[in-house]
Amino acid sequence: MKARFKQGRARAQSLTEVVVGLFILVPIFLAILDLASVVIGQQANNDLAKRAARAASNSNNATAAQTAAQTVVANFGTSTLLSNPTMVSFAYNVQGNVIVETSLQINLPVPAPVVDQSLNNPVMHARATEPVVALPPL
């Protein structure tokens with residue numbers, strides 16, 4: 001009878017250890033998921049800024065370059081993770097460079113219960129510079 005009682009205590013102890021372990025591992029897993037979402041969002045924003053700058057660099061005047069960059073930003077595909085792509089600034093320099101800065105809002109899949117709710121939807125900024133490769137107008 002005593003052996004049976006000790007076996008039941010061992011099972012209860014194992015169950016308790018598993019539950020306590022899950023209380024530690026689940027929040028860590030959710031934090032890693034949020035961190036991965038932020039990294040993916042920042043990479044997507046860097047790519048958006050680079051594509052907008054490349055499109056603008058193929059234009060031979062500032063107006064056409066800005067229109068090309070706006071078109072790339074407007075055609076960016078949003079998702080539940082990424083939203084609100086905007087072109088923050090645009091510069092068509094006389095030195096032959098195009099500078100485009102974009103921003104992108106990241107919607108975290110597991111929002112944390114923090115005081116400042118803006119931390120749950122971070123906005124990432126990226127800047128890209130490309131040389132103008134278009135031929136000047138004749």
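Read-outs: derived from the displayed coordinates by stated rules, not from any lab. Bear in mind the structure is a predicted one, so any value in this text is a computation, not a measurement. Note: ideal-geometry Cβ built from the backbone for every residue, glycine included; neighbour counts use all protein chains shown.
A compact table of results
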quantity	calculated
Net charge contributed by nearby residues that have their C-beta within less than 14 Å of Val98 (K/R +1, D/E -1)	+2
Using alpha-carbon coordinates, inclination of helix 2-57 to the longest axis of the chain, degrees	0 degrees
